[in-house]
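K.L.:
Dropping the structure in here first, questions after.
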Amino acid sequence: MKTINAGMFVVMAGLCAAANAVEFSKAGYWEAAGSPRRVEALTTGWEFSLDEFKTAKRVTLPHCIDEGELGLEASGCVNRQQAAWYRRRFAWKKGGARQFLHFEAIMGKSRVTLNGSKVAEHFGGYLPIHVEVTGILKEGENLLEVWCDNSDDPNYPPGKPQTALDFTYFGGIYRDAYLIETGEAYVADTDRGGVRITSNLGKDGKWTVRADVALGGDVDGAKVELFYDGKPVTSPFHPESPALWTPETPNLHWLRVDVRKGGRLTDSVCVRFGIRDFTLDHGGLTLNGKPYPKKLIGANRHQDYAFIGNALPNSLHWRDVKKFRDCGMTVFRCAHYPQDPAFMDACDEMGMFVIVATPGWQFWNKKNPEFEKRVYDDIEKMVRRDRSRPSLLMWEPILNETYFPGYFTTNAVAAVKRNALPPNDYCGCDLQSAGSGVCEVNYCHHGAGANVSFRREWGDFVDDWSAQNSPSRIPWEWGEWPMVVQANHYMWMLDELLADPPHHFGACLWHGTDHARGYHPDNFYGGIMTYARQKKYSWYAFKAKLTDKPFVYVAHELAFCSPETVTVFSNCSYKATLIGEPFKPGETKYEYRKAHGKASAYRRQRRRNVREIENFTATLQDGTKVVKVPAKRCVKIALALDTEGLAPVADGGDLVAVTATLSDGEGNPKRYETETIRFSVEGEADIVGTNPQVTRWGEAVVLVRPRASANPKPIKVRAATIRQGRYAPSAGTLEFTPGAPGVSVTSDAAGSDAAIRAVGRQQQAFEL
C-alpha cells in the first residue's frame, strides 16, 4: 500500500465516462473512459437457501432473506433471524492482472468462499467487504459462496438484540456486489484509503482542492496522474471561479485518477466531488464564506422499505432522496448506521447534507473488548468511505443513546480525525454523553448547550414506551383528521425550531418514513410517508413550510365524513372558494354535510354543474388555480408508476412501485372506499409484494422487478378488484418499457363510465 500526493507527478489528459441523467458509483468509484479497470455487477445468477441447499431458489441482488414473506407491516420480529446461504456459478476469462470481490454490505456475520477457499470473514452489516482474489479466481468455471447470519450477536455493533431494537436486522446480501479487475498497480479501495478529496476557501478568496491517492498492488515505479473536469492538474490545485456545491446549487465536478507503471496505464477511476467549504460555530452554518440563510431541516432515515426489508436497489434510494428534497428538506441523519452508497450519491447530486453515523444503538458490551475494537474499525471504514462527499456534514462516531465510558468518545473522535481533513471532520454527539466536550457539535434541544448544536431527533411524542400512542404516529389509512393532527403537530414544533438561536443550526425529524421495528408489534407510523413511500398530508405541510415556489395543498377530501375544518397548507397568498362561497384561510370552518343537505344548495346543483359548485378552488396571485374535487362514484382503478423521473432498468435487480388507486370517472381518488385488488403482470417482470391486497386509504401498492434483458420489451401491469360485477370498479392497466421514460395508463372504465352516467340520469328522472 502506498499513499501519494499526486502533485509530485507529471499529468496527462484524460476524461471520465459520460454519465446518463442518473448513474451510481460502483464499488466506491465511477467509470473512467478507456480504463483498464473492469467492474461487473454480480446481480443475477444467485442460488439462495435457508437449509444449506437441501432446497434452493433463484434470486437476484440486492436480496432480503424474507422477500416474499414481508408485507406492509414488518415489525415485531416477524422477519427471520438465522443463517442463510448463497452461491453463484460463473465462467470467467482473465482480463486484468488483479481481481477483487466487493460487497457493499451483507447483514450480520458473513463468510465469503471462492472455489473452496475462504477469502473473507466479516462482522457487521453496514460496511463494505473488499477482498483480493487474484490466484483464487480461475479461468473457466468458478463457484462463489456466501454464508451470512443476521441472528443476534453482542460481539459486534450494533449488538443489541432485535427484540429490544427500534429497527430490524433484515438478513441477506442486501446491497450490490461486484467483481473488479485492475492492472498490477491500482487505486486502492476506500477501506485502504482510496482517494481523499478536500476543498477549502482561503482568506484571499481562492479555492484549493487537495487530492490524496492510496495505491495498492505492485507500486514500485507507479505514478499517479490527475484530471480535474478533464484538464490535467497537480495536487493541490486552485480552480478558478468554480461552480460551488450548495443545497440549492449542488454542482459536481470530476476528478479522474490514472495510475501508470512503466508508461502503461494500469488503472483509472473517477471520483465525483463538490467544491464547498463550511464552518459550524456560534453563528450557525457558514457555507462557502457566507452565512447560510436557513436552518438545516431534514429527517432521520432508516434504510428499509415495504416487502423487501433492507434490500433496496439504487433507484429506490435515489427516489427517497428526491421525495425529501422536493418537500424542502436539506439534511439527513443516517439512523443508525452508514447507508447505501447510492443513497449518498443521490444526496451529493440533489443537495442534501448528511450526518453519517457509526452502527450502534443503546448497547455497549463491556464484557468483550472485541466489541469496542470493532466499533473503532467501523468508524474508520465509514469515514474513509464517505469523507470526500460534498453532502458530508458531520460524523456521529459515538453509539446512539448509549452509556459508554468517557474515554470512548475521545477515541472515537480521534479515529475520525486520523482519516478526515477539515472541513470534513466535524463530529457530533449528545450533550449528555460521556466525553461530549471533544465533539464540535452537541445534540440538544433548542440550543441548550454552549457549543454549536443540532437537534438529532424531534417531533415524536409518546404517552409511554409500551403503548406508544402519539399525535405524531399516524398510519396512512387512518385518514383525513388523524393525518391533519400529525401535520399540525409537526408544524407547531417546526415553528419553535426555526425560532431557535443561530448556533442551533438545524434539526432532523424522527422519522422520515414509517419503518419496521423489532421491539414493537407496530411499524413506526410517524413518517411523513408510508412504509411504501406514499405521501401523507404532513409531506405537503413540510413542502408548504420549507419551499419558496408558490404552493397550495388542500388537506381535505370534501367527503361527507370529512372534518368540519378544511385545512389548507400554503406558502403564498391566494383567494379561494368552497362550494361556490368565499373561503377565508385560517378562519373558515365548513360543515359539508349540513350545507349539502340544504334544499337551496340542492336546487343550485340541479341547475348548475355539480362539480363547479362543490370544488375547492384556490387562485394564486399569478392566476394559477389549484382545484380540489370531491370524488364521486368509484368507477375504476387508476394506476401510477412511482419513478420520480428515474425510469426502471432491466438489470434483474431494479424495482419500481406501482400504485393502484380507487377513483371516480375523472381519476379523483375515492379514499373512503375499500376493495381487494389483485395485480398481474405481462412481460419479463415479476411482482414483489402482498398480492392480492386490501386497499388502505383507497390505495394498494406493489413493487415490480423487470427481469434482466439486453433488449427490454414492454411490461404491462394490470390491477383488478377481486369482487366482480357489472358495476365493480374497472381494472386499470399500466405499460412501460425499462430504460424508457414513457408510461401508458389505460382503464377498462370507459364503457362503464357511460353506463353509470346513464343510470344516474334515469334515477334523477325517476326522482323528479
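K.L.:
Only residues of region 348-370 count here: report those whose backbone N is under 17 Å from the spot 7 Å along Cα→Cβ of N288, or say none.
P.N.:
Zone members listed by number: 348-354.
K.L.:
For a footprinting-style exposure proxy, rank K367, K118, K543 by other Cβ within 10 Å, fewest first. Intermediate values should be presented prior to the final figure.
P.N.:
Values: K367 9, K118 13, K543 21.
Placing the least packed residue first, the sequence is K367, K118, K543.
K.L.:
Gap in Å between the Cα centre of region 653-671 and the Cα centre of region 101-116?
P.N.:
Answer, in whole Å: 39.
K.L.:
Here's a follow-up. Between N571 and T746, what is 0.36 nm times their sequence separation minus the Cα-Cα distance? Round to one decimal in nm. Intermediate values should be presented prior to the final figure.
P.N.:
Working: separation 175, 0.36 × 175 = 63.00 nm, distance 3.48 nm.
The N571-T746 span can extend by a further 59.5 nm.
K.L.:
In units of 2.2 N^0.38 Å, what is the alpha-carbon radius of gyration of region 38-184?
P.N.:
1.08
K.L.:
Let me ask another. Just flag the trypsin sites (Lys or Arg not before Pro) in region 186-215 sitting in loop per DSSP whose Cβ has no more than 12 other Cβ atoms within 10 Å.
P.N.:
Numbers: sites: R192, R196, K203, K206, R210; in loops: K203, K206.
Sites meeting the loop and neighbour criteria: K203, K206.
K.L.:
Still on this structure, please answer the following. For a quick check: sort C347, C429 by the number of other beta carbons within 10 angstrom, fewest at the front.
P.N.:
Numbers: C347 29, C429 26.
By the 10 Å Cβ count, ascending: C429, C347.
K.L.:
To continue, here is another question. How would you classify region 636-755 from its alpha-carbon gyration tensor, with a ≥ b ≥ c the square roots of the eigenvalues: rounded for a/c under 1.5, else prolate if a/b is greater than b/c, otherwise oblate? List each step's numbers first, then the result.
P.N.:
Details: a/c = 2.09, a/b = 1.81, b/c = 1.15.
It is prolate, given that a/c is not under 1.5 and a/b is the larger ratio.
K.L.:
Moving on. Please find the FRET efficiency linking D522 to F560, where r is the Cβ-Cβ separation and R0 is fixed at 41 Å, and quote it to the nearest 0.05.
P.N.:
Efficiency at R0 = 41 Å is approximately 0.90.
K.L.:
Quick one: go through region 539-570 and flag any residue whose amide nitrogen is under 14 Å from the point 7 Å out along the Cα-to-Cβ line of D622.
P.N.:
Once the point is set 7 Å along Cα→Cβ of D622, 548-552 turn out to lie under 14 Å by backbone N, inside region 539-570.
K.L.:
Kindly state, to the nearest 0.05, the FRET efficiency for S151 paired with R192, given R0 = 22 Å and r defined as their beta-carbon distance. Spell out each step's value before the answer.
P.N.:
On the way: r = 30 Å, r/R0 = 1.35.
Taking R0 as 22 Å, the efficiency between S151 and R192 is 0.15.
K.L.:
Here's a follow-up. Return one number: the angle in degrees, 0 to 90 and rounded to the nearest 10, between the long axis of the Cα atoms of helix 480-498 and the longest principal axis of the Cα atoms of the chain.
P.N.:
It works out to around 50 degrees.
K.L.:
So between R707 and E40, what do we pick up on full extension, going 0.36 nm a residue minus the alpha carbon distance? Before the final figure, lay out each step's value.
P.N.:
Numbers: separation 667, 0.36 × 667 = 240.12 nm, distance 1.74 nm.
Full extension from R707 to E40 adds 238.4 nm.
K.L.:
Provide, as a two-decimal number, the C-alpha radius of gyration of region 296-408 over 2.2 N^0.38 Å, N being how many residues it has. Present the calculation step by step, with values, prior to reporting the outcome.
P.N.:
Values: Rg = 14.9 Å, N = 113, 2.2 N^0.38 = 13.3 Å.
Ratio of Rg to 2.2 N^0.38 Å for region 296-408: 1.12.
K.L.:
Counting only GluC sites (Glu not before Pro) that are in a DSSP loop and have at most 14 other C-beta atoms within 10 Å, tell me the longest site-free stretch of the chain. Walk me through the numbers on the way to the answer.
P.N.:
Details: sites that count: E52, E69, E139, E240, E248, E564, E587, E591, E666.
Of all site-free stretches, the longest is 249-563.
K.L.:
Another one. With everything on Cα atoms, drop me the angle between helix 341-350 and the longest principal axis of the chain, reported from 0 to 90° to the nearest 10.
P.N.:
Here the helix axis deviates by roughly 70 degrees.
K.L.:
Now for a separate question. If you compute Cα Rg over 2.2 N^0.38 Å for the structure shown, which of (1) 1.21; (2) 1.01; (3) 1.52 do you land on?
P.N.:
Structure-derived value, by its label: (2).
K.L.:
Moving on to the next point. Give me the angle, in degrees from 0 to 90, between the Cα long axis of helix 537-546 and the longest principal axis of the Cα atoms of the chain, rounded to the nearest 10.
P.N.:
Rounded to the nearest ten degrees, it is 70.
K.L.:
Sticking with the crude label model, points 7 Å out along Cα→Cβ, report the distance from N691 to Y727 in nm, one decimal please.
P.N.:
Result for the modelled spin labels: 3.1 nm.
K.L.:
For K206 and E581, compute 0.36 nm times the residue count separating them, minus their Cα-Cα distance, and round to one decimal in nm. Spell out each step's value before the answer.
P.N.:
Values: separation 375, 0.36 × 375 = 135.00 nm, distance 5.96 nm.
Difference between extended and current length: 129.0 nm.
K.L.:
Could you state the number of Å between the C-alpha centres of region 684-740 and region 135-153?
P.N.:
Here the answer is 35 Å between Cα centres.
Read-outs throughout are calculated quantities, based only on the coordinates presented, and are distinct from any laboratory measurement. Just so we're clear, the structure is a prediction, and the values are computed from it rather than from any experiment. Cβ coordinates were reconstructed from backbone atoms using ideal geometry, including for glycine residues, and neighbour counts include every protein chain displayed.
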